[in-house]
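Worksheet: the structure to be examined is printed underneath.
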Amino acid sequence: MVAKDIRNADAKIALFRSLFSGLGNVYGTYDPNTGRAWQVKSPVTDKVIAGHLTGRRPYGVYLLTSDRIRAIAADFDRLDANLPREFVARARHYGIPAYIEASKSKGYHAWVFFELPGTNAAKARLVVRSILDEIECPHVEVFPKQDVLEQGAGRCGSFINAPLFGRLVAKGRTVFVPPNDPYKPYPNQWAFLDGVERVPESLLDDIIEANELDVVDNGNHEGQSLGIFQAPFGLPPCARRMLAEGVAEYQRVACFRLAVHLRKLGLPYDSVVGALREWARKNRPCNGKGVITYREIMAQTAAAFIKEYRGCGCEDAAIRPFCDTSCALFPKRG
């Protein structure tokens, strides 16, 4: 196959847009001096992309369009290059080519690209999440953060800063790097991008079937990827908040209490464990502690299933920060 001529600006913009595109009527940006980020409600034109590539104004892409994406990215926010390298190696085990970008300030993005016109976001996120679980990185954020956008004005999801911001390329940031030498960018970024492999949706289907992964119906709610968290299901306000936001402290106590609540809803043990594994990804432990492990989740869930627990743990230190005065169980004070 004859390689395309990607030396001129128009060809570069066309190639860039074929890889890093999503919503066409809005994009994100940030101030390179302060880091402050915001949304721009304007069309994503070639001029916008050219401004990004030449370093005039950064471009952040909202990857999710309805329920389809052309690319997905795992955001490793640490300087340790071994984690994205592990991700790339594990993805390759499944036949998925993934590519490492040194992000704008620290850490790395691991990108996967899909055959045009795109693929189902829920399937892609499920497979990427499964790979992150396998390399014991459940805390890593995945962009897009949703499986599908909710209908209505202003529903955009979350943007991720696109690679090749001109002002940072010369500093070795926002550029793609080889897994075997992540501190030395590819010398020709455009030739590299022109040669990336795109994943067909059929491969995702094969991986999901072979590994018995479960696609969860998320009820078409933006901002939350788990169907089990979309409706109150009789849960008290504290449990709903904990499930939606994650916790920073007392993860094991919180896990036990959530397991008790979910069991009361009639969910079986396996479903509760699966739901709490998803919940754990939202946790941001303080004081350098790690996210609760799969084994710990199973242990706390098993404890919740030993007997019928009637209490809600309102006095637990893990629960108190999530109390809501509208809750019927909230202590009334004179």
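The values are calculated or read from the model by the stated rules, or taken from the named source; none is laboratory data. Given the structure is predicted, the values throughout are model-derived calculations rather than measurements. A quick note on method: Cβ atoms are made from the backbone with ideal geometry, for glycine too, and the neighbour counts reach across all protein chains shown.
Please tell me if residue 115 is touching a Pro at 6+ places or on another chain (Cβ under 6 Å), more than 15 Å from residue 127 (Cα to Cα) and buried (at least 18 other Cβ atoms within 10 Å of the Cβ). In short, no. Taking the stretch 55-86 as the range and being of a type outside the set (A, V, I, L, M, F, W, C) and farther than 20 Å from residue 133 by Cα as the test, the residues that pass are 55, 56, 57, 58, 59, 60, 62, 65, 66, 67, 68, 70.
Only residues that are free of Cβ contacts under 8 Å to residues at least 40 places away in the same chain, in a loop (DSSP other than H, G, I, E, B) and under 15 Å from residue 164 (Cβ atoms) were counted across the stretch 45-80, and they come to 1. Can you spot a residue in the stretch 278-301 that is of a type in the set (Phe, Trp, Tyr) and at pLDDT below 85? For the stretch 278-301, residues of a type in the set (Phe, Trp, Tyr) and at pLDDT below 85: absent. Given the conditions (1) surrounded by 17 or more Cβ atoms within 10 Å (Cβ to Cβ); (2) over 20 Å from residue 62 (Cα atoms); (3) among the aliphatic types (A, V, I, L, M), which single one is not true for residue 110? Unmet for residue 110, out of (1) surrounded by 17 or more Cβ atoms within 10 Å (Cβ to Cβ); (2) over 20 Å from residue 62 (Cα atoms); (3) among the aliphatic types (A, V, I, L, M): (2).
Farther than 24 Å from residue 147 by Cβ and small (Gly, Ala, Ser): does that describe residue 66?
Values: farther than 24 Å from residue 147 by Cβ: no; small (Gly, Ala, Ser): yes.
Considered against the rule, which asks whether it is farther than 24 Å from residue 147 by Cβ and small (Gly, Ala, Ser), residue 66 comes out as no.
Look at residue 248 and say whether it is part of a helix (DSSP H, G or I), of a type in the set (A, V, I, L, M, F, W, C) and surrounded by fewer than 19 Cβ atoms within 10 Å (Cβ to Cβ). Judged against the criteria, residue 248 is not a match. Filter the stretch 30-39 for residues that are closer than 14 Å to residue 168 by Cα and surrounded by 13 or more Cβ atoms within 10 Å (Cβ to Cβ) and give the result. Within the stretch 30-39, 30, 32 meet the criteria. Residues in the stretch 43-94 that are over 25 Å from residue 209 (Cα atoms) and surrounded by fewer than 17 Cβ atoms within 10 Å (Cβ to Cβ): 12 in all.
With the structure loaded, tell me whether residue 267 is without any contact (Cβ under 8 Å) to a residue 60 or more places away in the chain and within 25 Å of the chain's Cα centre (by Cα) or whether it fails that test.
On the way: without any contact (Cβ under 8 Å) to a residue 60 or more places away in the chain: yes; within 25 Å of the chain's Cα centre (by Cα): no.
No, not satisfied.
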